[in-house]
1. Could you give every pair whose Cβ atoms fall below 6 Å, whose first residue belongs to segment 163-174 and is free of Cβ contacts under 8 Å to residues at least 40 places away in the same chain and over 14 Å from Phe219 (Cα atoms), and whose second residue is of a type in the set (A, V, I, L, M, F, W, C) and surrounded by 15 or more Cβ atoms within 10 Å (Cβ to Cβ), counting only separations of at least 6 or pairs across chains?
2. Test each condition in (1) loosely packed, with under 13 Cβ neighbours inside 10 Å; (2) modelled with pLDDT under 90 for Gly39 and report the one that comes out false.
3. Against the definition (under 19 Å from Gly45 (Cα atoms) and hydroxyl-bearing (Ser, Thr, Tyr)), how does Ser224 come out, yes or no?
4. Which of the residues spanning segment 158-177 are surrounded by 20 or more Cβ atoms within 10 Å (Cβ to Cβ) and over 24 Å from Glu126 (Cα atoms)?
5. Filter segment 138-157 for residues that are at pLDDT below 95 and among the acidic types (Asp, Glu); which is surrounded by the fewest Cβ atoms within 10 Å (Cβ to Cβ)?
6. Looking at the structure I just gave you, is Gly176 in contact with a Ser or Thr (Cβ under 8 Å, 6 or more places away or on another chain) and either closer than 23 Å to Gly238 by Cα or modelled with pLDDT of 95 or more (or both)?
7. Does any residue in segment 131-158 that is farther than 15 Å from Gly105 by Cβ come within less than 7 Å, Cβ to Cβ, of a residue that is basic (Lys, Arg) and part of a strand (DSSP E or B) six or more places away or on a different chain, and which pairs are these?
8. Evaluate the following for Gly89: is it over 15 Å from the mean Cα position of the chain (by Cα), over 17 Å from Ala132 (Cβ atoms) and at pLDDT 95 or above?
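The values are calculated or read from the model by the stated rules, or taken from the named source; none is laboratory data. Predicted model only: the values in this text are computed from it and were never measured. In this analysis, Cβ positions are derived from the backbone assuming ideal geometry, glycine residues included, and neighbour counts consider all displayed protein chains.
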Amino acid sequence: MRTTRMLTLLCLLAAPASFAQMLDVDALLVEASAVPGQGTVRLSGGGGGQSVSTDPGTGEATIAGSVLWVPFRGFGGDVGAYYQAGRSGPSARVRYQFLSQDSAGVDLTLGARYKSEGFSGPGQGEVEALFALGRSFGQLDLVLNLVWGWEINDPGQDAEIKALIGWRFNDNLRLGLEVRAQTEVHDEDGYKAPQMIATDIRGGPTLFWRVSRQVSLQFLVGVSKPVNLNEAGLLALGSFAIDL
């Protein structure tokens, strides 16, 4: 009887950790609200495409990859590279998890990122500040990102909001919805109200599948409205993550 009780207690204690493994993996549009365990080395890659107008022959392709290392508890850094619509360049990110759901009831991670290509266009590097908040309510996962970006050699600034809501059927499978909106809020004329024509919007249903303890796959099929267009097109994305 004592052995049975001990096994039950261990399972209950392990459950939040297994659920958290989905919240410490970057989604396709939303960044993780938790940092993986100390010593984690993670290889990530992905890509996809979107149509940028109603013309079926017009579209953009994206390919990206990164390597993440967590040298000590709560702190992670990654470097990567990407290619999109003829533009390519490196990126780097650091982040620290200040709060954990296990101890504080919510995950809270703050981070910073450098990108060689900013939101305003080619040749404009950018620095971003990230606020990532997440929590699991039973089988329901919620994640919210707030991002603010500054162009390095330009007065441009942009704001971004990203959200994920997902339902875990078990420790290995989650279905959900991801959305992301990014818009310029400051230029050479000062601050300005967001405009639909200058806003990039993406979203759609998403699938998270943990193939094994080390490997996870994600897929999204939805819609996108690129900057400078008032019409939406199709969006399809996929990614993988491998913990070494």
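1. If the second residue must be of a type in the set (A, V, I, L, M, F, W, C) and surrounded by 15 or more Cβ atoms within 10 Å (Cβ to Cβ), the pairs left are Ile165/Leu142; Ile165/Leu177.
2. Looking at each condition in turn, Gly39 falls short on (2).
3. no
4. Passing the criteria: Leu164, Gly166, Arg174, Gly176.
5. Taking the candidates together, the pick is Asp154.
6. When the stated conditions are applied, Gly176 passes them.
7. Gln139/Arg168; Asn145/Lys162
8. So Gly89 fails the test.
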